[in-house]
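Here the structure comes first, spelled out in structure tokens, and everything after it is commentary.
Values in this text are rule-based calculations from the coordinates and carry no lab data. Since we're looking at a predicted model, the values are computed, not measured. Here the Cβ positions follow ideal geometry from the backbone for every residue, glycine too, while neighbour counts run over all protein chains shown.
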Amino acid sequence: QYRDDPSINNSIATPDNKLLKALQSPEVKAWTNRVRVPAVISSERDSRGVTLVGVEPVSEVKLGFDSDSIIEGRFLKDNDDSGLIIGAKLAERLETRLGKRVVIMSQDPDNNIADRGFRVVGIYKAKMASLEEIYVYAGLTTVQKLLNIENQVSEIAITGDDYRHVEGWYPVIKKAAGENMQTLPWYEADTYLGSMLAMMDGFVLVWIVVIFLALSFGLVNTLVMAVFERIREIGLMQALGMRPSLILYQILIESFLLLFIGLLLGNVLAVGTIIPLQDGIDISAVAQGMEMMGTSSILYPALKLNDMLLANVIVITLGLLTSILPAWHAASFDPIEALSKD
């Protein structure tokens, strides 16, 4: 129900012993409790609607919060920290700054107004500027006290080693959480992003196959020319007693060696290209358009081992398949006719 109505009334209990045991499994890289509620933040100059997020600072950083994004001040120290972290854009809108006092207002489970003054102890810069106006962060225990929800949270966020493979540990977490908690993998919690990534994976696979099919014609042309330039040599080998099957294997081995050398050079160039770009590619010139799609203005190229293996397997397979025709043609030469060629 929380996804449909993100109010404090739809909170859940903190993890019990059964769930804690599941969260301590080796497949779980990090997890954290969060309280996430709609709120209003007011400064001396203005008021804005925001999402107040109560976090556990230590586990939140392990989960992925970039503490280096704090451009002024500091991050939260512990769950009882009474400070507030706001975005740079929000600070600009509210005409406030580091060290100033702001007021947060929300509702408790009894629909009573819950408000408290916070000191701005940190200002963060998000990769997507729109997020800076949405989220403000405070200590988990501090927010729980504000809302009168001791030992209750809005969500439990969990991450593993690879976001693409959650099937190994997700069922264990879901079983331990029980039926009273809605447990969702990220691609169901964010169906748009999940479907977009699935579509992109399919598009990339089709693109790889099409490109490699085109490259395979170049390989066939190279081998056909090599065969026709060596007709007399092939005829001589047959005349000396070399079986056609061995000639077939020889051409295929030559094709494999060409593919292997090309793949070796290609993989080295790929790694050599990715390393200088590991700090990201700045596309801030089109940042507004990218932000509408929920994409950061900094792209980080990544070279996945699985993608490299898939590309190499496709190249080897298509290359050998397309090499069969010129290899079979070379093996079917008549020795006398081949030796008579100029």
State the answer as a single residue: which of Ala270, Leu320, Gly241 lies farthest towards the positive end of the charge dipole of the chain, with beta carbon charges of +1 for Lys and Arg and -1 for Asp and Glu, about the Cα centre. Ala270
What is the helix-to-structure angle for 244-274, meaning the angle in degrees between its Cα long axis and the longest Cα principal axis of the chain, kept from 0 to 90 and rounded to the nearest 10? 30
Quick check: residue separation of Met200 and Ile261 times 0.36 nm, minus the Cα distance between them. What number comes out in nm? 19.0 nm
Could you check the simple spin-label distance between Leu269 and Ile208, using points 7 Å along Cα→Cβ, in nm with one decimal? 1.8
Can you return the aspartates and glutamates within cross-link range of Lys175? Criterion is Cα-Cα under 16 Å, with same-chain partners fewer than 8 residues away left out. Asp16, Glu27, Glu167
Considering only Ala214, Ala157, Ile173, whose Cα is most displaced toward the positive end of the charge dipole of the stretch 151-227, charges sitting on Cβ of Lys, Arg (+1) and Asp, Glu (-1)? Ala214
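Restricting to Cα pairs below 8 Å that are 6+ residues apart, what does the relative contact order work out to for the stretch 1-100? Please round to a whole percent. Before the final figure, lay out each step's value.
Numbers: 92 pairs, mean separation 23.4, N = 100.
It rounds to 23 percent for the stretch 1-100.
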In the Gaussian network model of the chain, springs joining C-alpha atoms below 10 Å, which of Trp186, Trp207, Trp169 carries the largest mean-square fluctuation? Trp207
Length gained if Glu92 through Val224 is fully extended, taking 0.36 nm per residue and subtracting the Cα-Cα distance, is 40.7 nm
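Could you state, as a whole-number percent, how many of the C-alpha pairs of the stretch 52-172 are farther apart than 20 Å?
Percentage above 20 Å: 47.
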Below 8 Å between Cα atoms, with a sequence gap of 6+, how large is the relative contact order for the chain in percent? 18
Note down the magnitude of the dipole of the stretch 8-187 about its Cα centre, charges +1 on Lys and Arg C-beta and -1 on Asp and Glu C-beta and zero elsewhere, to the nearest 20 debye. 200
Show me, for the stretch 140-152, the HN-Hα J-couplings you get by feeding each phi into the Karplus relation (A = 6.51, B = -1.76, C = 1.60, θ = phi - 60°), rounded to Hz, glycine and proline as x. 4, 4, 4, 5, 4, 5, 4, 9, 6, 10, 4, 6, 10
Using eta = 1.002 mPa s and T = 20 °C, Stokes-Einstein with Kirkwood Rh from Cα pairs puts D for the stretch 194-340, in µm² s⁻¹, at 116
Within the stretch 71-96: backbone nitrogen closer than 14 Å to the Asp46 label point (7 Å, Cα to C-beta): 87-96
For the chain, the longest principal axis of the Cα atoms and the Cα long axis of helix 191-229 enclose an angle in degrees, to the nearest 10, of 20
Put a dot 7 Å past each Cα toward the Cβ at Leu193 and Arg232; how far apart are the dots in nm? 6.7
Given Cβ point charges of +1 (Lys, Arg) and -1 (Asp, Glu) and nothing else, what value in debye, to the nearest 20, does the dipole of the chain about its Cα centre take? 320
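Packing-wise, with mean Cβ within 10 Å as the measure, how do 145-153, 131-139 rank, highest first?
The most tightly packed comes first, giving 131-139, 145-153.
Calculated FRET efficiency, Lys21 and Arg164, Cβ-Cβ r, R0 22 Å, to nearest 0.05? Intermediate results must be reported in sequence, preceding the final value.
Values: r = 25 Å, r/R0 = 1.15.
So the FRET efficiency works out to roughly 0.30.
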Please rank Ser216, Ser323, Ser69, fewest neighbouring Cβ atoms within 10 Å first, as an exposure proxy. Ser69, Ser216, Ser323
Residue exposure sequence - Arg243, Arg230 - by fewest surrounding Cβ within 10 Å: Arg243, Arg230
Pairs of lysines in the stretch 15-139 (C-alpha under 16 Å apart; 8 or more residues apart or interchain): 6
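Just to verify a number: FRET efficiency for Ala302 and Leu325, C-beta to C-beta distance, R0 = 30 Å, to 0.05?
Numbers: r = 37 Å, r/R0 = 1.24.
Approximately 0.20, to the nearest 0.05.
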When only alpha-carbon atoms count, how far does the chain stretch along each of its three principal axes, as whole angstroms with the largest first? 100, 46, 30
Of the candidates Asp81, Asp190, Asp108, which one comes out as most mobile in a Gaussian network treatment of the chain with C-alpha springs shorter than 10 Å? Asp190
List every residue whose amide H lies under 5 Å from the amide H of Ala114, counting only residues 5 or more places away in sequence or on a different chain, with H placed 1.01 Å from N in the peptide plane. Ser106, Gln107, Asp108
The stretch 194-340: relative contact order as a whole-number percent, Cα under 8 Å and 6+ apart: 46
Charge dipole of the stretch 8-187 built from unit charges on the beta carbon (Lys, Arg +1; Asp, Glu -1), centred at mean Cα; most positive-end Cα among Leu23, Val53, Thr183 is Val53
Which residue, Lys304, Lys89, Lys125, has the most motion in a Gaussian network model of the chain that connects Cα atoms within less than 10 Å? Lys304
